[in-house]
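Presented below is the structure to which this report refers.
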Amino acid sequence: MLNVVAEKQCIDFTDRQQREAAYYDQYSTTHEVQKVDFAPATSDQLRPWSPYWSLVRLVRDEFRDSSQKLLEFGSGMGVTSTVFAKVGFNVTGIDISEGNCRVARKLVAQYGLEDRCDFQVMPGEMLEFDDNTFDVITGVDILHHVDVPVVIKELKRVLKPGGVAIFKEPLGDTILERIRELKLFMKMAPRDSSQDNHIHITEDERKLSREEIDLIYASFTVETERRFSVLQRFYRLLPKRWWNMVWKLQRADYEIMSRCKTYEKLGDIGIFVCRKTA
Ligand SMILES: C[S@@+](CC[C@H](N)C(=O)[O-])C[C@H]1O[C@@H](n2cnc3c(N)ncnc32)[C@H](O)[C@@H]1O
């Protein structure tokens with residue numbers, strides 16, 4: 001099996017896919033996830049200021065019964081897939097990294113949810129599923145790692161008519177981002193790849209461009225777009241010991257965004273709820 005996977009990576013994967021796979025194969029050996037926090041799905045609390053909590057709640061709202069098939073596209077080490085299996089979905093996770101899929105299989109077994117969750121090594125650009133297979137598709141911080149036009153077409157193909165795709169992504173279409181791209185700032189704080197705990201960055205990832213966001217709108221009926229993270233994005237300027245207080249910045253952003261739509265446009269994390277209607 002391992003040989004087949006290794007062979008597949010050499011023969012079928014593009015250079016970019018191979019670089020992503022190599023990066024996450026390495027990352028998964030040094031940052032293996034040990035446990036899952038189910039609170040975003042199971043807690044009575046609401047945290048509408050948190051992009052991750054908001055995404056999990058939106059997906060949970062789509063749950064009708066355990067026959068529903070959910071595709072987690074770019075499932076990484078399986079944390080979010082495990083949460084969705086716990087909610088009751090029948091989950092298929094796909095990811096380019098065999099290392100990540102290995103950790104994900106172990107993680108889901110740790111919670112006895114392996115019967116409801118299957119992880120497969122597969123590029124998002126070439127999904128090995130029939131048309132109209134999935135009721136729900138989720139993607140967390142993944143579109144900005146892939147060939148967006150090809151992947152959006154594939155995701156739409158495998159989503160059932162009336163099904164929903166819910167994405168959370170970093171966005172590069174804001175004024176703040178354009179300022180960030182200025183030579184002066186790039187010199188002061190270059191965008192190097194990193195395997196840091198908090199800000200791991202691959203060589204090829206790029207925040208979604210306006211054109212890529214427009215493509216999402218052209219391919220689906222976008223029922224909700226919500227933005228987060230204006231003050232939040234500056235948390236890294238704070239001393240590391242304060243980084244676990246990032247939720248305070250998220251909450252301040254949420255309060256301001258609730259009152260001012262223009263401020264929301266500055267947010268560089270977006271959630272999109274996309275229905276397949278045609
Ligand atoms: C930032 S991580 C997000 C992982 C997971 N969604 C999470 O939130 O933890 C990006 C993931 O995309 C995967 N990936 C990168 N390129 C891919 C591709 N072309 N097809 C499928 N997965 C890919 C990586 O292996 C990695 O697991």
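The values are calculated or read from the model by the stated rules, or taken from the named source; none is laboratory data. Nothing here was measured: the structure is a model prediction, and the numbers come from that model. Cβ placement follows ideal geometry from the backbone for every residue including glycine, while neighbour counts extend to all protein chains displayed. Surface accessibility is based on the protein's heavy atoms, side chains included, excluding ligands, DNA and RNA. Shrake-Rupley method; radii C 1.70, N 1.55, O 1.52, S 1.80 Å.
Data for the structure
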| read-out | value |
| --- | --- |
| By average C-beta atoms within 10 angstrom, highest first, the peptides 113-125, 87-99 | 87-99, 113-125 |
| Efficiency of FRET between Glu225 and Asp61 - r from beta-carbon atoms, R0 22 angstrom, step 0.05 | 0.85 |
| Apportionment of accessible area to carbon and sulfur, segment 172-278, percent (1.4 Å) | 59 |
| Mean accessible surface per residue for the chain, computed with a 1.4 Å probe while every protein chain stays in place, in Å² | 51 |
| Listed residues Phe84, Phe73, Phe38, most fluctuating in the chain (Gaussian network, C-alpha, under 10 Å) | Phe38 |
| Amide H contacts under 5 Å for Asp118, placed H, 5+ residues apart | Val91, Thr92, Gly93 |
| Accessible surface of segment 1-135, 1.4 Å probe, proportion on carbon and sulfur as whole % | 49 |
| The chain: calculated mean residue ellipticity at 222 nm from DSSP helix runs of at least 4, using -39500 (n - 2.57) | -12000 deg cm²/dmol |
| Point-to-point label distance, Ala189-Ala109, nm (Cα→Cβ direction, 7 Å offset) | 4.1 |
| Ranked packing of 26-36, 207-217, 130-140, most packed first, by mean Cβ within 10 Å | 130-140, 207-217, 26-36 |
| Estimated FRET transfer efficiency (Asp131, Glu32; beta-carbon r; R0 41 Å; 0.05) | 0.70 |
| Segments 190-199, 255-264 sorted - mean Cβ within 10 Å per residue, highest first | 255-264, 190-199 |
| Length-normalised contact order for the chain - Cα pairs under 8 Å, 6+ apart - percent | 19 |
| Share, in percent, of DSSP beta bridges within segment 2-275 that are antiparallel, nearest 5 | 45 |
| Mean projected area (nm²) of the alpha-carbon convex hull when segment 2-275 is viewed from all directions | 14.9 |
